[in-house]
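The values are calculated or read from the model by the stated rules, or taken from the named source; none is laboratory data. Because the structure is a prediction, the values reported are computed rather than measured. Here the Cβ positions follow ideal geometry from the backbone for every residue, glycine too, while neighbour counts run over all protein chains shown.
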Amino acid sequence: MFPPGCEVCLRGRKLVLFVTGICDRSCYYCPLSESRKGLDVIYADEVLVKNDLDIILEARAIDAEGTGITGGDPILKLGRTLRYIKLLKGFFGKEHHIHLYTNGRHINREVLSRLSDAGLDELRFHPERGDWEKIKIAKELGIFSGGEVPAIPGDEKSIKEFVMFLDNIKADFLNINQLEFCPQNAYQLKQRGFTLDSESMAAVLKSKESALATIDWAEKEGIRIPIHYCSSVVKDAVQTKKRLIKRGDNVARPYEKVSEEGLLSKLIVSSECSSLREMKALLAKKLRLPPYMIGVSSDGKVVEAPEELILEIKRALPGSKISYIEEYPTATRERFTEYPC
Ligand code: SF4
């Protein structure tokens, strides 16, 4: 059985609430980007949070059923973390599942009690050995708790020791994540001799084998806690894709189509002869479309229209520049594809 936080995530219904980029550990494989690492910034998925409404709106945009609170170390901003747990539970109800990732350094009995009182459902520790005992305290306080660690090839001995510890204290789970290259950790990983798995976009070679070997060993040893392996394919092709499709369905403009990958497709049209306002009105009139079926891009530079009207638009606006584009349905709407028609 998966931890409840994973089930929400696998359905693509988990809001990722990044409460701070501050962390006082320095893991060489840390994947935090330059715009987050070491900075006291808050993001709800890709949205830079300026107020509580940003969080609620993003949760609504993906029809969130739960939230994963992460960082940095959220415990370094405990007041903020507690406030967000209460905000989400208050707005979406008790059934909105909330789990929290921490390296455990600043966890103690009082912190755990406050998290539990605020309504936290699940704790995921990524601890140094000196902080392992804190998982036991979380269990004593009745918090559903386990570990979440990367599968580092060659590091199986320490993961096995962690597994035995978790089993002894009757922890609720251990998640082992495939280790991945990203721009932020690529140099550090290469320096340590890790290479890219040629069958993957980002996975570290032998990370999967390391995780699966640990799971095999645990079965043979009669380890009772559930151990799950989370691959980068599951993260990208299942969790992220489902979240994008859901967000796309909710935020698509009337003239945008949501693809199977969760991307939004449409045409963009520009013409040197007419202003955007004139072009929009002309197209709506000539194509006999309601005004909401022709839009203007967020940067106000081009007119946007349904992709199936390519021929009609070419006839209505000869000489105009038309491109087919696909965008992510995120708050920042990064462009994925563009080609001229
Ligand atoms: S504990 Fe997490 S956020 Fe902190 S350095 Fe390690 S990987 Fe990065």
Fill in the blank from the handout: Every listed condition ((1) within 13 Å of the ligand (Cβ to nearest atom); (2) in contact (Cβ under 8 Å) with a residue 24 or more places away in the chain; (3) of a type in the set (A, V, I, L, M, F, W, C); (4) surrounded by fewer than 22 Cβ atoms within 10 Å (Cβ to Cβ)) holds for Ile69 save (4)
Practice task
Mind listing just one residue for me: the one in the range 12-24 that is under 12 Å from the mean Cα position of the chain (by Cα) and within 30 Å of Gln191 (Cβ to Cβ) and, of those, farthest from the ligand (Cβ to nearest atom)?
Solution key: Val16
Practice task
Would you mind telling me which numbered condition in (1) in a loop (DSSP other than H, G, I, E, B); (2) surrounded by fewer than 17 Cβ atoms within 10 Å (Cβ to Cβ) Leu57 fails?
Solution key: (1)
Handout entry: Contacts under 7 angstrom Cβ, first residue in the range 220-231 being modelled with pLDDT under 95, partner among the hydroxyl-bearing types (Ser, Thr, Tyr), 6 or more apart
Key = none
Problem - Matching entry among Ile107, Ile152 (being at pLDDT 95 or above, of a type in the set (A, V, I, L, M, F, W, C) and in contact with a Leu (Cβ under 7 Å, 6 or more places away or on another chain)) - result: Ile152
Fill in the blank from the handout: With the first residue restricted to the range 29-52 and required to be outside any loop (DSSP other than H, G, I, E, B), and the second required to be within 13 Å of the ligand (Cβ to nearest atom) and of a type outside the set (A, V, I, L, M), Cβ contacts under 6 Å at 6 or more apart or on different chains are Tyr43/Phe18
Practice task
Looking only at the range 25-40, decide whether some residue is assigned by TED's automatic domain parsing to the domain that holds Leu179, more than 16 Å from the ligand (Cβ to nearest atom) and over 19 Å from Leu123 (Cα atoms).
Solution key: no
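Out of curiosity, is Lys86 touching a Gly at 6+ places or on another chain (Cβ under 8 Å), over 16 Å from Val19 (Cβ atoms) and either surrounded by 21 or more Cβ atoms within 10 Å (Cβ to Cβ) or in the same structural domain as Asp52 (by TED's automatic domain parsing) (or both)?
Judged against the criteria, Lys86 is not a match.
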Practice task
Only residues that are closer than 15 Å to Pro318 by Cα and either under 31 Å from the mean Cα position of the chain (by Cα) or not assigned by TED's automatic domain parsing to the domain that holds Ser320 (or both): list them for the range 268-301, please.
Solution key: Ile268
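Output the residue which, of all residues in the range 163-198 that are polar (S, T, N, Q) and surrounded by fewer than 17 Cβ atoms within 10 Å (Cβ to Cβ), is nearest to the chain's Cα centre (by Cα). I'd like the intermediate steps shown before the answer.
Taking the range 163-198 as the starting set, the residues that turn out to be polar (S, T, N, Q) are 168, 175, 177-178, 184-185, 188, 191, 195, 198.
Applying the additional criterion that residues be surrounded by fewer than 17 Cβ atoms within 10 Å (Cβ to Cβ) yields 168, 184, 188, 191, 195, 198.
Numbers: Asn168: 32, Gln184: 17, Gln188: 23, Gln191: 27, Thr195: 24, Ser198: 24 Å.
That would be Gln184.
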Fill in the blank from the handout: Only unsatisfied item for Cys9, checking (1) surrounded by 19 or more Cβ atoms within 10 Å (Cβ to Cβ); (2) under 30 Å from Lys190 (Cβ atoms); (3) within 14 Å of the ligand (Cβ to nearest atom); (4) not aromatic (Phe, Trp, Tyr), is (3)
Exercise for the section: Considering every residue within the range 92-104, establish whether at least one is at pLDDT 95 or above, assigned by TED's automatic domain parsing to the domain that holds Val16, aliphatic (A, V, I, L, M) and more than 16 Å from the ligand (Cβ to nearest atom). Expected result: yes
Practice task
Run Lys50 past the list (1) out of contact with any Ser or Thr (no Cβ under 9 Å at 6 or more places or on another chain); (2) within 14 Å of the ligand (Cβ to nearest atom); (3) among the basic types (Lys, Arg) and report the number of the one that doesn't hold.
Solution key: (2)
Practice task
Would you check if Lys235 is in contact with a Lys or Arg (Cβ under 7 Å, 6 or more places away or on another chain), within 30 Å of Lys266 (Cβ to Cβ), buried (at least 16 other Cβ atoms within 10 Å of the Cβ) and not hydrophobic (A, V, I, L, M, F, W, C)?
Solution key: no
